[in-house]
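Here, each number is a calculation from the coordinates, and none is a lab measurement. A quick note: this is a predicted structure, and the numbers were derived from the prediction, not measured. Using ideal geometry, Cβ is built from the backbone for each residue, glycine included, and neighbour counts are taken over all protein chains shown.
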Amino acid sequence: MKHLLALCISLALGLAALPARAEEPAQLKIVTSFSILADMAKNVAGSRASITSLVGPDADAHVFEPGPADVAMLAEADILIINGLGFEPWLVRLAASAKSKAKFVTASYGVKPIELEEPHHHGHGHSHGHTHNHGHSHDKDGHPKVPHDFDPHAWQDLRNGVIYVRNIADALAEKDPANATLYLANAESYITELKKLHEWARAEIGRLPTEKRKVITTHDAFAYFSKAYGVEFLSPAGIGTASDPSAETLARLVDQMRRENIRALFMENMGNPRMMETIARETGIEDGGTLYSDALSAPGGPAPTYVAMFRHNVPVLIEAMQKN
Ligand code: ZN
């Protein structure tokens with residue numbers, strides 16, 4: 001009988017103890033601007049946060065148009081993580097209409113940005129219309145250009161990825177101090193993985209002779225990759241994706257490919273494959289597959305994480321460049 005009473009008491013205490021759990025800090029609601037940041041945040045937060053991305057897998061952040069669901073998502077968020085460097089021109093208006101009280105984190109803060117000299121840099125003779133502040137310039141076909149002063153694609157250098165992760169971890173630790181140790185420890189082990197991946201990418205690409213390391217891809221998303229890993233990227237579209245290149249630009253690129261015997265040609269997972277299909281037809285070159293540049297693949301695809309993106313991109317680049 002005594003035992004039963006004791007059991008009853010402990011059960012009652014057990015039940016009484018339950019509401020105390022609700023007083024633990026609630027899970028952080030993290031919203032990121034695009035999928036690569038969502039994956040980084042997940043590596044830092046583990047199961048301590050719910051993470052959603054405004055621009056999803058295989059989608060193009062350059063030309064994203066937020067809808068009412070995005071406003072609602074942002075209104076609820078504790079932390080908003082963005083790339084910065086002009087990658088999310090739609091964000092200021094979105095944050096204002098969501099009346100967001102979220103802590104803003106610019107993941108690229110502290111990165112050494114690559115400055116854009118011109119909307120595209122393939123040595124065109126015509127300089128008209130290329131304003132240097134890129135405020136509301138139009139390209140020669142009259143399409144409005146997305147304003148950019150810096151190249152935003154800094155995550156394509158894994159050393160910059162390390163900076164992104166540190167910024168994300170610091171912000172989470174500040175917003176949720178109870179779990180700060182966990183976030184910082186998660187970040188450090190993830191950073192170790194990114195550093196190893198960086199060395200691997202350098203070594204793999206480094207085996208190819210320099211003159212073979214040339215690639216054609218849809219838009220200028222790989223300038224940081226180019227600098228970090230020693231591959232020259234040429235693209236017909238320039239830095240944004242909002243406008244199509246002119247026939248003249250395409251023709252010049254095709255000429256250059258023939259002259260320099262470049263056979264490595266790639267599609268990107270976000271954006272329109274039409275241009276690359278035209279070039280492939282013109283040159284009779286088969287494309288080398290898909291590069292993941294500005295977005296991850298869906299889960300189950302070839303690049304569902306930031307790490308998987310490099311593990312996919314590096315070997316397909318090397319395979320195609322060997323044919324140059
Ligand atoms: Zn891009």
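Tabulated results
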| quantity | calculated |
| --- | --- |
| Cut-off 19 Å, label 7 Å out along Cα→Cβ of Ala298, residues of region 32-72 by amide N | 34-36, 38-39, 52-61 |
| Amide H contacts of Glu268 (H built 1.01 Å from N, under 5 Å, at least 5 apart or other chain) | Thr218, Leu291 |
| Note, ³J(HN,Hα) from phi for region 55-69, Karplus 6.51, -1.76, 1.60, rounded to Hz, x at Gly and Pro | 9, x, x, 6, 10, 9, 5, 4, 10, 5, 10, x, x, x, 5 |
| Above-threshold pairs, the threshold being 18 Å between Cα atoms, out of Lys175/Lys195; Lys42/Lys175; Lys175/Lys196; Lys112/Lys212 | Lys175/Lys195; Lys175/Lys196; Lys112/Lys212 |
| Placed amide H near Phe104: partners under 5 Å, 5+ positions off or other chain | Leu80 |
| Amide proton proximity set for Lys214, modelled H, under 5 Å, gap of 5+ | Glu232 |
| Distance in nm between pseudo-label sites at Ser189 and Glu211 (7 Å out along the Cβ direction from Cα) | 4.8 |
| Simple spin-label estimate for Asn272 and Val63 in nanometres, 7 Å along Cα-Cβ | 0.6 |
| Distance in nm between pseudo-label sites at Ser50 and Gln256 (7 Å out along the Cβ direction from Cα) | 4.7 |
| Karplus-derived 3J(HN,Hα), 6.51/-1.76/1.60, for each residue of region 166-182, Hz, glycine and proline x | 4, 4, 5, 4, 4, 5, 5, 4, 6, 6, 9, x, 4, 10, 4, 4, 4 |
| Table column - 3J(HN,Hα) (Hz), region 272-280, Karplus curve with 6.51, -1.76, 1.60, x for Gly and Pro | 8, x, 4, 4, 5, 5, 4, 5, 4 |
| Stretchable slack from Glu286 to Arg202, in nm (0.36 nm times residue separation minus alpha-carbon distance) | 27.7 nm |
